[in-house]
Amino acid sequence: MALAAVVACSQPVLAQQGPASADEKQELAALRATTQALIEALVSQGLITRERAETILKQARQAAAAGNAPAEPQWGTPLAAGAAVGAAAAAANAKVVRVPYVPETTRQQMRDEIKADVLAQARSERWGEPGALPEWISRVKVGGDVRVRAQSDKFDQANEPAWLYNNQTGTPAWAPDLKNTTQDRERLTLRARLDVEAQLSDQVQAGLRLSSGGSTGPASTSQTLGSSNSGGFNRYALSLDRAWLRWQPPAGWQGLSADFGRMPNPFYSSDLTWSDDLAFDGVAAKMQHYFAARKGLFATAGVFPVQELELTTRDKWLLGAQLGAEFEVAKGAQFKLGLAYYQFKNIEGQRETQALPSGPSSGSANYFSSQYPSSWRAKGNTLININDATSTAAPTWGLASKFKPINLTAGLSVDALAPVMLNFSFDWVKNTGFDLADIRARSGAALNDPSAPLLNKTTAVQGRVQAGSARLAKRGDWQGFLAYRYMERDAWVDAFTDTTWHLGGTNYKGWSLGGNYAFDRNFWLGARWTSTRNLDDGVRFLVDPKDPQSPMTTYYSNFPLRIDVIQLDLNARF
């Protein structure tokens, strides 16, 4: 501690002053008095205890005593009996002790260094500062955002009614949870998020985020104001949206990092695949290596539990790996490319072979572990009924396809017109896990009936262009964008898709047009129009070939479903 150093320096100097001049004695006495007064001030302010102050003084005196030779007898001090002769003889042979002279400039330099050291420590520890906050506060950042949105959902009157979808009981099935396909809806929504990040050390970070939206689904943190679940001006629930630790190894492993917990999306991707509001549970590692400014490679890999089950070892997992590169293709043009492979393990449905357990075994045996929960489902994916063949109960739905998608994401940023930035992006997805023979085996259905053909529809693409400011940070910043998307029904797991396009899910195509304008610092208005419609495989209504007089057999995947979504946002970031 710098204070102990001051005391230790003052004690030996005072002990050795010997024949020093009156001015030097006065100066050294003043130094000791100043040091002791400083200690008393620290004790009175409650910054150190009385015991600690006594310990500092004691240690300084011991250090001074250890560094000094025994004092020579002073003139006029009586000698012990019989020692006069010996003393006279010793004085004749005594060596001359010379005390080096310390120039005034050196003493001043020592005083300045000690003073600077003490003041630096005082500043860092905020000695005597009223209302001083602990040092760790400077390593914590708090931020967040609030968005209030007016949204209008417009349904085409040519859409088929929702009850037709709800009547599905057999395999295959599509969108059996639809509740509204014809009634326009107007609403206000709120999204509020509070972020806290802490730099615990040079190697460790921690993050926490609370958000609105409760736990109604994985893909959105928006809360509908006045919703039927919490209307009457009732309060809304906050949920733990993120909680993660990030470890970055010491020098020598620069560019390597690992995230643990519930984290932001670790992959380079777009909202074609992962919703912007989605967080990942699990572990992810990333390695980046840059050869030069804006030129490098990156790799990401992660393991994420999707659903942990108590009564079976067939837990649902997501495994992901991505390789990518970033480089300058021309002056002012930056290109980024990422190729990812994902595997959803045990997410596909498996038809039960035994009747639902009853009696003592009810609830304690593994059953329906492969279902695709209604709290996850959006719409679009092909589903199979996983009830056993003898069941007459309402359907329990599971995913027909396995999901092993490949995802290519590319982005080009051009700043040649700065401050206007141009950004182009392209996304492509192909689900390599779709296998008709495997689906037949797991579902127990033939799936080759011409009235309900199951086709391989496993591709999705999106192109997007954006112009304007790189970031909406100050008054006058603006952005405009246009995007086109084509998403087949089994290209991606519909639970994790963006909830604006087609109000979530897969099996559609359409456009999105919008823009943002900042009216003040970190405050902006956004507007967006998204228009989509269901894809049509060309098989829509068929007559049962065994009974031409029977009612028409319907192919639900190709039912007309057109949705226009208009959004007007007020956004604030802090």
Checking rank on 247-258, 383-394, 267-278, 420-431, with mean other Cβ inside 10 Å and highest first, the result is 267-278, 420-431, 383-394, 247-258
Neighbour-count ranking for 137, 347 (other C-beta within 10 angstrom, fewest to most) reads 137, 347
Ordering 309-319, 144-154 by per-residue average of other C-beta atoms within 10 angstrom, highest first, gives 144-154, 309-319
For region 518-526, in residue order, the Karplus 3J(HN,Hα) values (coefficients 6.51, -1.76, 1.60; θ = phi - 60°; whole Hz; Gly and Pro = x) are 8, 8, 7, 4, 6, 9, 8, 9, x
Check: C-alpha center region 266-285 vs C-alpha center region 322-348, spacing in Å is 13 Å
Per-residue Cβ contact counts at 10 Å, fewest first, order 520, 438, 195 as 520, 438, 195
Computed ³J(HN,Hα) along region 195-206: with the Karplus parameters 6.51/-1.76/1.60, θ = phi - 60°, integer Hz and x for glycine or proline, the list is 10, 9, 10, 10, 8, 6, 7, 5, 10, 10, 10, 9
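Which of the peptides 559-568, 399-408 is most tightly packed, and how do the rest follow, judged by the mean count of other Cβ atoms within 10 Å per residue?
Details: 559-568: 18.4, 399-408: 22.2.
Put in order of decreasing packing, that is 399-408, 559-568.
Where does each of 396, 459, 221 land when they are ranked from fewest to most other beta-carbon atoms within 10 angstrom?
459, 396, 221
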Check: C-alpha center region 481-530 vs C-alpha center region 181-255, spacing in Å is 19 Å
Any trypsin sites (Lys or Arg not before Pro) in region 208-245 that lie in a DSSP loop and have at most 12 other Cβ atoms within 10 Å would be 235
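Only the coordinates and a few stated rules stand behind these numbers; no lab work does. Only a predicted model underlies this, so the values are computations on that prediction, with no experimental measurement involved. We place every Cβ from the backbone using ideal geometry, glycine too, and count neighbours over all the protein chains shown.
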